[in-house]
Structure formats: C-alpha cells, structure tokens
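Here's the structure, in structure tokens; my notes come after.
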Amino acid sequence: MATPPANPSPASPATSAVSAASAPPGPAARVEALRARGVRMLDPAQVFVDEDVDPARVDASATLYPGTRLHGRRTFLSAGAAVGVEGPATLVDCVLGEGASIASGYAKGAVLLRAAKLGANAHVREGTILEEEASTAHAVGLKQTILLSFVTLGSLINFCDLLMAGGMSREDHSEVGSGFIHFNFTPWGKSGDKATPSLIGDVTAGVFLRQRRIFLGGQAGLVGPRAVGYGSMTGAGQVVRRDVGAGQLSIQVARAVEEPLERPMSMNTRIAPVVEKNVAYIAQLRALEAFYVEARLGRARHAGRADLVAVYEEAIANIGLCVAERVTRLKSFLKEHGGPALPDLGAPVITACPLPLAVAPGDADHVKWIRSLSPADVERGQAWLESVAKDVGARLRGGAA
C-alpha cells in the first residue's frame, strides 16, 4: 500500500516574516501607496496598479477613475492628468502631460502633452505623440502617429505612420472628419510593404504654429505615402491617392483600372517616388527630434521643470522609435524591389538652436513661448530645422539615389 506523502512542515514565524518582507507589495498596497500620495480615486477597489509602476511618477493631483489599470515602468502621470473619465482605461508605459486625459480604452507607449485628449474607446500604440491640446473623439486607433499642437481628429479614425500639423490655436486648427483611414499597407511584392508614411503639413514650419489649417473630409481615406500641403481641404467620401498641394481643394475621382496584377516595379515610376516620400518623412522626424532636444527639453531644464523633462524625454524616445521603424521599412522595400542599399542613418547630428531659449524658473509654457517669437526668430528657427532635415535627406539619398 502506497505511503501517503508527508504533510509539509509549517514555516517558522521567523521564516514567514522574512518571506513577507521580501515579497513585493500586492495590488491593494500599490493602490494605497498612490492614495497616500494624494492621488484621487473615486473607487480604489476598481483601480489596478502593476508592480512595475513607480508611484513617484504619478502626480498627487492626478485622477484615476474606476476601471483604471496602470502598467509599465515608463508610465508617468503629470499634474491634473485623468484616466478613465468615461469608462475603463488601460495604460501601458504611457506618459500624460499636465491636464492630459484618456476617456477610456487602451494605450501603450503613447505620450500626450499638456491638455491633450484621447476620446472614449481609444486604441493607441507605440510611437504615438499628441502635442498640446491635440485631441481625438471616440473610437480612434493610432500607431506611430504624431499630431502637432491643436490637431483634432473626429471619431472612427485609424491612423498609422502619419504626422499632421497645421493651424495656430484651439479655434484655428487642422482637423480630420469622422470615418477616415490612412492606408499604410500596400500589397505589391512577395508580402507587401509598409513604406507608406504620410506628411499632412510638416515639422519645419508646423512647430511654429503659424501655418494655415488643413482639413481632411470624413468618410474617406488616404493611400500612403502621400503629402498634403497647408491650407488645403480634401472632400468627404473619397480616397485620396495623389498628393495635395498647399491651398488646394481636392476631390479626386478614382479611375477605372483593369490590368495584369503582376507587373515589373520600375525604378522611375514606382520605387523612386516611394523612396523620396520615405526620406522626406524621416528627415522631418529628425527635425522634430532636434526641436524637442534643443528647444523643448532645453527650456524645461532651464526652468527646473522635472515633470516636463520627463515628458519630453519620453516623447524624444517615441520619435526615435518612429525613425527606426521608417528606416527598417524603407530598407526592406528597397531590398525586395532591387533598389540600392540604404546607408546607416547614424546618430542624429543636432546643431545649436538659434531661438531665444531664456525662461523664468518654473515657467516653461511651450505654446506661450512659441507665440512670443518674432517673425525673425521664426525665420531663423525654420531655417535651422530645414538644415537638419536637408542634412538627413542628403545622407539617405546618397545611398538610395
């Protein structure tokens, strides 16, 4: 007859005490740690904080509504940030600037600057940045998408691999109508490609908040890679397949196509235009990176604003992620279609910012500073960013020409 297993010996009181002391605090204790800092919770029992979240990176004036779930060591909530205003919200490695909020949904690796807002049922992934007061309505999906200050998206929008600028204020801003898709995948080749980023506006002029707004009509789409100029409007209910110049009303009529699916990829008719669009996009990202490092981050440090420093550093990391993704996609596209090898981009070469960066202690209001710049300052700043973009473009075109 088999001998039953012996009962395990009970742990001694001393052993139990050591184990309890070495164990990480449980979910309830982590929630309580935030409450002890003053973080507002309407119902702490419906808030979850993962063990990799640093309580010190959650400002005491933040609000966590019922259904909030926080994960990730990058997670950072600034003063007045709000999570789950309209329903359950999960944040993974997300950074919310002062007064930024997500109504409900899921976000991973996103950075929202001051007063930026994600509407209900958002689905936002890595590499996304919403600058000051940029916003979305409900059910918007974003990945590696950068919205400069005040850009506004309607509902039911899907954007990947896109940068949008334009406008000057909350009352005069670039906007996208509801039901819009940026098509960022093309099926050509063995498995298709995503060398399809689109510039709606640009960085070198857009960051100075003096450009005319852009409007993309709803129930529509845009096939990347594309470019849309400032002051333009695209009509609702269409698919934009061609670039739109500045100051244009564009309603594009699709042509009938009936031709063999398999056809050679000509360097001049297909490969070169895609390469040029990608190079221009990467160059604009590097210009944005320079602007963040020299202007935004520099002023935040001079002002002694550790909170802004943390937010801007995470935004810079997201820009770097977007650059790396675009380079990888472009290299893959060139390799598959027999184009020349793309040279290594290397570390960014950032020259000193020519703008006046003086700031009073504690004051680093970015939009206020941008608006205070003189026309001569803006001209110098734009020339500086254009030189950064030109240098990046020249290095990339040297290998992909």
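The values are calculated or read from the model by the stated rules, or taken from the named source; none is laboratory data. Just so it is clear, the structure is predicted and the values come from calculations on it, not from any experiment. As a convention, Cβ positions derive from the backbone with ideal geometry for all residues, glycine included, and neighbour counts pool all protein chains shown.
Here are some notes:
- Residue among 342, 373, 385, 355 that alone is buried (at least 16 other Cβ atoms within 10 Å of the Cβ), modelled with pLDDT under 95 and more than 25 Å from residue 108 (Cα to Cα): 342
- Within region 167-185, one or more residues are surrounded by fewer than 24 Cβ atoms within 10 Å (Cβ to Cβ), of a type in the set (Phe, Trp, Tyr) and either out of contact with any Gly (no Cβ under 9 Å at 6 or more places or on another chain) or outside the structural domain of residue 330 (by TED's automatic domain parsing) (or both).
- Any hit, region 268-276, residues being over 30 Å from residue 188 (Cα atoms) and surrounded by fewer than 17 Cβ atoms within 10 Å (Cβ to Cβ): no
- Filter result (in a helix (DSSP H, G or I), more than 25 Å from residue 300 (Cβ to Cβ) and not charged (D, E, K, R)) within region 376-401: 393, 394, 396, 398, 399, 400
- Residue in region 318-337 that is touching a Lys or Arg at 6+ places or on another chain (Cβ under 9 Å), of a type outside the set (Val, Ile, Thr), over 17 Å from residue 284 (Cα atoms) and surrounded by fewer than 19 Cβ atoms within 10 Å (Cβ to Cβ) present: yes
- Residue ranges of helices (runs of 4 or more DSSP H) in region 248-360 with at least 2 members closer than 27 Å to residue 231 by Cβ, of a type in the set (Lys, Arg) and touching a Pro at 6+ places or on another chain (Cβ under 7 Å): 272-291
- The number of residues in region 365-401 that are farther than 24 Å from residue 166 by Cβ and in contact (Cβ under 8 Å) with a residue 12 or more places away in the chain comes to 8.
- Pairs where the first residue, in region 90-102, is assigned by TED's automatic domain parsing to the domain that holds residue 117 and the second is crowded, with 24+ Cβ neighbours inside 10 Å and aromatic (Phe, Trp, Tyr), C-beta under 8 Å, 6+ apart: 94/76; 95/76; 96/76
- Among the strands (runs of 3 or more DSSP E) confined to region 85-124, the ones with at least 1 residues that are farther than 16 Å from residue 147 by Cβ are located at 89-92, 105-108.
- For region 330-355, a residue qualifies if it is within 21 Å of residue 113 (Cβ to Cβ) and over 24 Å from the mean Cα position of the chain (by Cα), and exactly one does: 355.
- Filtered residues of region 134-175 (kept if touching a residue at least 60 places away in the same chain (Cβ under 8 Å) and either in a strand (DSSP E or B) or of a type in the set (D, E, K, R) (or both)): 144, 146, 161, 162, 163
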